[in-house]
1. When you look at E158, is it in a loop (DSSP other than H, G, I, E, B), among the charged types (D, E, K, R) and open to solvent by 10 Å² or more (accessible area, probe 1.4 Å), yes or no?
2. List the residue pairs whose Cβ atoms are under 6 Å apart, where the first residue sits in the stretch 232-243 and is closer than 14 Å to D372 by Cα and assigned to a strand (DSSP E or B), the second is modelled with pLDDT of 95 or more and β-branched (V, I, T), and the two are 6 or more positions apart or on different chains.
3. Among the residues of the stretch 386-422, what is the count of those that are of a type in the set (D, E, K, R), in contact (Cβ under 8 Å) with a residue 60 or more places away in the chain and not in a loop (DSSP other than H, G, I, E, B)?
4. Considering only the stretch 305-322, how many residues are over 16 Å from P334 (Cα atoms), charged (D, E, K, R), more than 8 Å from the ligand (Cβ to nearest atom) and in a helix (DSSP H, G or I)?
5. Open to solvent by 10 Å² or more (accessible area, probe 1.4 Å), closer than 23 Å to S428 by Cα and not charged (D, E, K, R): which single residue out of G200, G208, G213 fits that description?
6. Being farther than 22 Å from T73 by Cβ and assigned to a helix (DSSP H, G or I) narrows it down to one of L195, L153, L170, so name that one.
7. Those residues that are β-branched (V, I, T) and under 15 Å from the mean Cα position of the chain (by Cα), I need them from the stretch 127-154; list them, please.
8. Among the listed residues Q182, Q107, which satisfies the condition of being open to solvent by 40 Å² or more (accessible area, probe 1.4 Å) and either away from the ligand (no atom under 14 Å from the Cβ) or modelled with pLDDT of 95 or more (or both)?
Amino acid sequence: MIHEHRVLNPATEELVATVPATSAAEVSTAVARAAEAQRTWAALAPADRARLLRRFAVLVDDHGERLARLEVTEAGHTLGNARWEAANVRDLLDYAAGGVERLTGRQIPVPGGIDITFLEPLGVVGVIAPWNFPMPIAAWGVAPALAAGNAVLLKPAETTPLTAQYLARLALEAGLPEHLFQVLPGAGDVTGRALVEHPGVAKIVFTGSTRVGKEIMAGCADRVKRLTLELGGKSPNIVFADADIETAAATAPMSFLDNAGQDCCARTRILVQRSVYDRFLELLVPAVASVVVGDPSDEKTQMGPLISLAQLERVRGFVPDGADGIRGSAPTGPGFWFPPTVLTGVAPDAPVATEEVFGPVAVVLPFEDEEDAVRLADATEHGLAGSVWTRDVGRALRVSRAVRAGNLSVNSHSAVRYWTPFGGYKQSGLGRELGPDALAAFTETKNVFISAEA
Ligand code: NAD
């Protein structure tokens, strides 16, 4: 059994920290303490809970640069991205704090009395986070769950526990009750599994691979435990001949190279209408070549390393030697580097065209017309995100509505914004996070009827 995790800097392979792993028995203790803290928290006036969460947000803002630097060191994120991520945690806390005093039920007309609904907190919520966006993805669950009156136990990924631990210290400093928000580093099949199986954990929020998501879903079924799943993606970037081809080609590289492609919304299937296919490829070559790959702590860097050797080997496994396509450059020497790669001439049903690679690898496939584009876009088990490039507003609407994915963007690659709901169709997930209903996902609706006749 693993008792500690070694955290490596993915750009240099240097040891950054060793972090003790949480055993199943320690998870039980954490659940009991969290349950007690949750009762204190839920009993506070909503305005006081909101104030404490805002104070937490202010501290995250004050410590933003340190959090960002820590993310660069443990996850290999570019400094620009990591700064955005720390600011995103601050914004998520502020947004959730704004919901505390607005978490209202309904009054429903019924005969013989009054009917009212309450949105009650669930109790203790388990958030199991991945390594690809350790801070924001943790906060997608933590912020609204706390705001809705719950306690949270966060299990970070083995490779990236440090920013999570830092955030928990800031929560305490802000004045949140002790044990209300605890970070439990550890292995997925020990610490994560213990959270899934513990009867005192009312809901699991999981982001990660579809394979583990299915296991967790099965584990939750036993207790009908509440569950939100954010799983993989294989998102299309659909470019029609009537689009602004120059902008579509210029923006395509970073739509799958951001975070070295370790992004569930990465637009890794570039579908281009056949009449502009050659022109698009011509424009894509310099666009890929211009992406700055290197030291993530350099402000000019656009793409850093992959998270680990295991991830590097997985990505290599998808790209056949000598495959046709476009390649950028990447550093050699220590670190888990893979160059930007766009493959052409790939069969639409090849694994690299249908499975989540989670690395800086995309394929370009031609299509004939609108119907063909939608068919190709939907030809995977995933349905998380997608982009549509066209100047025809009717086509933009038709295609966005037709593609079976949760988050579409037109003439842009935007996917995750904390104001709007986020989640997947098909095997990309279950439930929605973020947006105006984020807090409600951490509540049970209770209905109370009061007789006027007694
Ligand atoms: P993973 O699904 O194994 O890990 C995600 C989280 O789940 C981690 O915290 C891990 O410790 C935990 N976990 C693992 N097994 C568990 C179990 N049995 N019970 C409870 N928790 C468990 O992901 P990974 O191995 O780190 O990455 C593998 C692939 O998953 C990637 O290549 C990528 O395709 C995909 N992935 C997707 C996302 C996403 O945002 N959709 C994020 C990370 C990874």
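1. yes
2. Listed by first residue and then by second, the contacts come to N237/I270; I238/V388; V239/V272.
3. Selection size over the stretch 386-422: 1.
4. Within the stretch 305-322, residues that are over 16 Å from P334 (Cα atoms), charged (D, E, K, R), more than 8 Å from the ligand (Cβ to nearest atom) and in a helix (DSSP H, G or I) number 1.
5. When all the criteria are applied, what remains is G208.
6. When all the criteria are applied, what remains is L195.
7. Across the stretch 127-154, the qualifying residues are V127, I128, I137, V142.
8. After ruling out the rest, the residue left standing is Q107.
The values are calculated or read from the model by the stated rules, or taken from the named source; none is laboratory data. This one's a predicted model, so the numbers in the text were calculated from it and none came from an experiment. Glycine also receives a Cβ, built like all others from the backbone with ideal geometry; neighbour counts cover every protein chain displayed. Heads up: the accessible areas ignore ligands, DNA and RNA and are worked out on the full protein's heavy atoms, side chains in. Shrake-Rupley method; radii C 1.70, N 1.55, O 1.52, S 1.80 Å.
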